[in-house]
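**Q** This structure is in structure tokens; I'll ask about it shortly.
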Amino acid sequence: MRAALAPGVRLLRALPRESRYRGLTLVLTFLSYTSYHLSRKPISIVKSQLHPNCSALGPNPHNDSNSSTWCSWAPFDGDNYKELFGALDNAFLVAYAIGMFISGIFGERLPLRYYLSGGMVLSGLFTTLFGLGFFWDIHVLWYFIIVQVCNGLVQTTGWPAVVACVANWFGKGKRGLIMGIWNSHTSVGNILGSLIAGAWVSSAWGLSFVVPGIIIAAVGIICFFFLVEYPEDVDCSPPLHHVMPTSEKDPEAVTSNEGPLSLSDQSSADHSNSPKEAAEEPEAISFLGALRIPGVVEFSLCLLFAKLVSYTFLYWLPLYIVNVAHFGAKEAGDLSTLFDVGGILGGIFAGLISDYTGGRGTTCCVMLVVAAPMLFLYNHVGQNGIGTSIAMLIICGALVNGPYALITTAVSADLGTHESLKGNAKALSTVTAIIDGTGSVGAALGPLLAGLISPTGWNNVFYMLIAADVLACLLLARVVVKEARGWCGPMARQRGY
């Protein structure tokens with residue numbers, strides 16, 4: 001006698017065909033970028049183990065005269081260990097920032113599935129190689145620097161590919177909320193990376209890298225077998241990217257005679273729901289063409305400073321907690337995950353509000369304005385008690401990562417399917433890479449500046465972060481004014497003005 005069909009299978013069969021593929025795309029891209037961040041996080045956890053407080057562990061069993069650094073891992077056992085940690089961070093982040101501008105161009109011209117899965121397998125390889133430095137007893141700084149550079153370059157395959165895949169399947173209507181929830185992969189990856197790295201940081205820190213390396217490579221192989229790039233590839237209808245009526249479209253996009261692609265006018269009927277053929281595919285957008293899309297420059301520069309703040313926390317928060325609150329390496333790593341919990345909430349909130357108001361730039365600006373005083377308060381009262389520390393970490397995480405998440409997801413997808421592109425979807429990877437690549441410049445500067453400034457006191461590090469937050473807000477002024485005028489226009493018409 002056969003058993004009844006499994007409930008989960010019955011549920012899948014009840015869902016529309018397109019919904020099943022959309023769900024599969026969301027799950028696979030979510031897991032993909034979760035594993036990317038999972039593999040980036042261990043370095044921030046392991047830092048405190050590479051240069052711990054050896055005097056707290058007792059006398060040197062090897063009778064070395066230098067009892068304060070006998071347990072440190074060379075070459076990070078000197079007084080310049082913070083600068084060396086900054087060099088490690090920068091090796092990855094500078095390579096990532098440079099590679100990102102190139103990555104989007106390749107992403108438009110290569111199959112996204114091959115590009116993404118290949119990059120994930122290589123990311124797993126280089127992440128594992130960093131951890132093998134522990135087992136191979138490597139104490140040469142250049143080994144770790146070279147591995148970080150290579151890892152930074154191959155990890156640029158991830159973001160343009162996953163954003164392009166999701167934007168290919170989801171239209172503009174609920175994009176902010178959907179991508180806000182989906183973007184929690186960043187924080188989930190950071191949390192899992194902290195917990196996994198923390199499990200081995202005190203015993204064998206090499207496993208803190210080897211295990212995440214294996215995970216990201218395995219997820220990459222899964223994506224190779226199951227990811228669907230375009231709805232048309234499986235005979236599904238492409239989403240509607242523009243919901244505004246013609247009369248309310250962006251005047252810069254409608255009236256311009258020189259669109260980013262210099263395409264001739266064509267009706268939306270040219271983009272039918274039938275499967276796409278290679279001969280009908282439009283040409284990929286150029287780098288300069290992507291820069292001419294209204295809003296790309298403003299949001300890119302804003303993200304530079306927003307990501308500076310976010311990545312400084314990503315790489316330095318555990319060490320800050322160790323130095324200021326005097327927790328152990330594992331406890332500091334666990335506590336730092338609360339910042340990422342706040343990031344999940346902030347990304348969802350930013351997406352929901354921006355969908356409701358239609359003001360992506362205004363939502364980012366308001367959150368950035370509130371974030372500045374919260375950062376000041378966290379530095380001064382955030383360590384007054386475990387309850388205060390938990391609350392402040394969640395609040396700061398939401399306000400710092402909310403705008404960052406919104407810009408790198410919904411804003412990038414909106415601009416990559418802008419009206420001025422006249423339906424050409426061959427701009428998503430390039431636009432996403434430009435925005436995130438510019439942000440990655442800030443991500444490289446933040447940890448570097450933190451490494452240089454922290455010897456003068458943690459207060460100065462937070463002043464630097466607050467200044468970056470304010471600059472990010474100011475750079476969106478033009479977008480906010482434009483959105484405000486868009487809201488005032490319909491209100492004036494309703495009142496008869």
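The values are calculated or read from the model by the stated rules, or taken from the named source; none is laboratory data. Everything quoted here is computed from the prediction, not taken from an experiment. In this analysis, Cβ positions are derived from the backbone assuming ideal geometry, glycine residues included, and neighbour counts consider all displayed protein chains. Side chains are part of the model used for accessible areas, which takes the heavy atoms of the whole protein and leaves out ligands, DNA and RNA. Shrake-Rupley method; radii C 1.70, N 1.55, O 1.52, S 1.80 Å.
**Q** Quickly run through the stretch 187-242 and pick out the residues that are hydroxyl-bearing (Ser, Thr, Tyr), touching a helix residue (DSSP H, G or I) at 6+ places or on another chain (Cβ under 9 Å) and open to solvent by 20 Å² or more (accessible area, probe 1.4 Å). So that I can check it myself, show each step before the final result.
**A** Narrowing the stretch 187-242 to residues hydroxyl-bearing (Ser, Thr, Tyr): 187, 194, 202-203, 208, 230, 237.
After this cut, where a residue has to be touching a helix residue (DSSP H, G or I) at 6+ places or on another chain (Cβ under 9 Å) as well, the list is 187, 194, 202, 208, 230, 237.
Listed by number, the residues that qualify are Ser202, Tyr230, Ser237.
**Q** Quick one: which helices (runs of 4 or more DSSP H) sit completely within the stretch 1-116 and have at least 2 residues that are at pLDDT 75 or above and at negative phi?
**A** On the way: elements: 7-14, 17-40, 42-50, 81-109.
It comes to 17-40, 42-50, 81-109.
**Q** So which of Leu415, Leu352, Leu377 is farther than 21 Å from Phe462 by Cβ, open to solvent by 50 Å² or more (accessible area, probe 1.4 Å) and assigned to a helix (DSSP H, G or I)?
**A** Working: Leu415 fails: open to solvent by 50 Å² or more (accessible area, probe 1.4 Å); Leu377 fails: farther than 21 Å from Phe462 by Cβ.
So the residue among Leu415, Leu352, Leu377 that is farther than 21 Å from Phe462 by Cβ, open to solvent by 50 Å² or more (accessible area, probe 1.4 Å) and assigned to a helix (DSSP H, G or I) is Leu352.
**Q** Take the residues of the stretch 223-242 that are in a helix (DSSP H, G or I) and over 21 Å from the mean Cα position of the chain (by Cα): which is nearest to Leu132 (Cα to Cα)? Talk me through it step by step, then tell me what you get.
**A** Residues of the stretch 223-242 that are in a helix (DSSP H, G or I), as a first pass: 223-226, 231-234.
Cutting the leftovers down to over 21 Å from the mean Cα position of the chain (by Cα) gives us 224-226, 231-234.
Working: Phe224: 26, Phe225: 29, Phe226: 31, Pro231: 41, Glu232: 43, Asp233: 41, Val234: 42 Å.
For the stretch 223-242, the residue satisfying everything is Phe224.
**Q** Check off (1) modelled with pLDDT under 85; (2) more than 26 Å from Pro318 (Cα to Cα) for Gly180 and give me the number that stays unchecked.
**A** Failing condition for Gly180: (2).
**Q** Can you tell me which residues in the stretch 362-374 are of a type in the set (A, V, I, L, M, F, W, C) and either at positive phi or open to solvent by less than 50 Å² (accessible area, probe 1.4 Å) (or both)?
**A** Going residue by residue through the stretch 362-374, those that are of a type in the set (A, V, I, L, M, F, W, C) are 364-372, 374.
Scanning the stretch 362-374 gives Cys364, Cys365, Met367, Leu368, Ala371, Ala372, Met374.
**Q** Return the residues of the stretch 69-115 that are in contact (Cβ under 8 Å) with a residue 24 or more places away in the chain, among the charged types (D, E, K, R) and open to solvent by 20 Å² or more (accessible area, probe 1.4 Å); say none if nothing qualifies.
**A** Correct list: Asp77, Lys82, Glu83, Arg109, Arg113.
**Q** Could you list all residues from the stretch 155-186 that are over 14 Å from the mean Cα position of the chain (by Cα), open to solvent by less than 20 Å² (accessible area, probe 1.4 Å) and of a type in the set (Val, Ile, Thr)?
**A** If the condition is that a residue be over 14 Å from the mean Cα position of the chain (by Cα), open to solvent by less than 20 Å² (accessible area, probe 1.4 Å) and of a type in the set (Val, Ile, Thr), then Val166 is the only one that fits.
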